[in-house]
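Okay, here's the structure, questions in a sec.
The values are calculated or read from the model by the stated rules, or taken from the named source; none is laboratory data. Quantities reported herein were computed from a predicted structural model and do not represent experimental measurements. As a convention, Cβ positions derive from the backbone with ideal geometry for all residues, glycine included, and neighbour counts pool all protein chains shown.
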Amino acid sequence: MNNSSIKIFDRHAVRLHRERAADGFGSFSFLFRETAERLADRLFDIRREFPLTLDLGSHGGLVAEFLAGRASIQSIVQCDLSEKLVRGASGLRIVGDEEVQPFAPATFDLVISSASFHWINDLPGTLVQALRSLRPDGLLLVNFFGGETLKELRRSLLEVESEIKGGVSPRVSPFTDVRDAGALLQRTGFALPVADLETVTVSYESPQKLFHDLRGMGEVNSVIGRQKTFTSRQILLSAFKRYREIYEDQLGRIPATFEIITLTGWAPAPNQQKAAKRGSGQILLKDELKKH
């Protein structure tokens, strides 16, 4: 595996933000509960048993909570950067980094991850490691925040900082595009790759409350090139005002968009269903359309 030499995120900062959020995480976990429940629901449609599952970036153990009691899921190993979050979960747990997975090849039947991979520097390398740790015909099922996430906040901050300072610094983390994520699955060797996206819009009483929740989630800017000092009061207040000017609804509330990319792929196996080769179809679409 070739590790990417480009580092966008400060993984030490990601860990520290999760550690600081750990004590009160339950009060701010609504978005993580939503993403974890959506992944768990997708497993309802898959008639397979997964004796041993790995949850990468497990936060406080929400995926395990939603999968509890399912006969198809027997044992779950939960792995997260934050020792505090890991200690707050129950069951099999390990403190570890998604980018450096300490697992033997062909160990797991399912690798699952909810709302964590958007902080990964080397996403191809992480996917390759996950594939290596899967048994043949094992399943990868992950979701994470995509390119349209927090678009309202990004626009407000960029416009205001550009006007006040004549330039901008990275204040909101960059996110992966769904097309790029889907292509990565195929490039890294997964069979039957599927990528799709959903959008969740959360209504807030104010931009300040959004900021408060992001801190409580541990979802604070961890870009390596971020400004290390506190954002000036002038920029923040101006950005909050701009946010309201552009996005406030008739009830005085503002939206915050979270785009959720979901990836599904299978570890190759000899007896596995394979996608048809391009051009192998026997019926022409144009001929079928003429019949209607």
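Quick check, is R20 of a type in the set (D, E, K, R), out of contact with any helix residue (DSSP H, G or I) (no Cβ under 6 Å at 6 or more places or on another chain) and either assigned to a strand (DSSP E or B) or over 21 Å from I261 (Cα atoms) (or both)?
yes
Okay, residues lined up against (1) among the acidic types (D, E); (2) under 21 Å from G218 (Cβ atoms); (3) touching a Ser or Thr at 6+ places or on another chain (Cβ under 9 Å):
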residue: D97; (1), (2), (3): yes, yes, no
residue: P105; (1), (2), (3): no, no, yes
residue: D109; (1), (2), (3): yes, no, yes
residue: I112; (1), (2), (3): no, yes, yes
residue: A115; (1), (2), (3): no, yes, yes
residue: W119; (1), (2), (3): no, yes, yes
residue: L123; (1), (2), (3): no, yes, yes
residue: V128; (1), (2), (3): no, no, yes
residue: L131; (1), (2), (3): no, no, yes
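Rundown of residues vs (1) of a type in the set (D, E); (2) modelled with pLDDT under 90; (3) farther than 18 Å from I76 by Cβ, yes/no style:
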position: F108; (1), (2), (3): no, no, no
position: D122; (1), (2), (3): yes, no, yes
position: R132; (1), (2), (3): no, no, yes
position: D137; (1), (2), (3): yes, no, yes
position: L150; (1), (2), (3): no, no, yes
position: K165; (1), (2), (3): no, yes, yes
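Are any residues in region 42-79 in contact (Cβ under 8 Å) with a residue 60 or more places away in the chain and closer than 15 Å to A130 by Cβ, and if so, which ones?
F50, L54, L56, G57 - these are the residues of region 42-79 that are in contact (Cβ under 8 Å) with a residue 60 or more places away in the chain and closer than 15 Å to A130 by Cβ.
Okay, moving on. May I ask you to list the residues in region 2-48 that are touching a Leu at 6+ places or on another chain (Cβ under 9 Å), of a type in the set (A, V, I, L, M, F, W, C) and under 20 Å from W119 (Cβ atoms)?
Matches in region 2-48: V14, A21, A22, F25, F28, F32, A36, L39.
Do we find a residue being in contact with a Leu (Cβ under 6 Å, 6 or more places away or on another chain), at pLDDT 90 or above, surrounded by fewer than 19 Cβ atoms within 10 Å (Cβ to Cβ) and farther than 18 Å from F9 by Cα anywhere in region 180-191?
yes
Condition first: in contact with a Leu (Cβ under 7 Å, 6 or more places away or on another chain) and either modelled with pLDDT of 85 or more or basic (K, R) (or both). Now tell me which residues in region 263-292 satisfy that.
Once the filter is applied, which keeps residues that are in contact with a Leu (Cβ under 7 Å, 6 or more places away or on another chain) and either modelled with pLDDT of 85 or more or basic (K, R) (or both), region 263-292 yields L263, T264, G265, W266, A267.
Do you know which residues across region 62-80 are of a type outside the set (S, T, Y) and in contact with a strand residue (DSSP E or B) (Cβ under 6 Å, 6 or more places away or on another chain)?
Listed by number, the residues that qualify are V63, A64, L67, I73, Q74, I76, V77, Q78, C79.
Now for a different question. State the number of residues belonging to region 214-228 that are modelled with pLDDT under 80 and in a loop (DSSP other than H, G, I, E, B).
5
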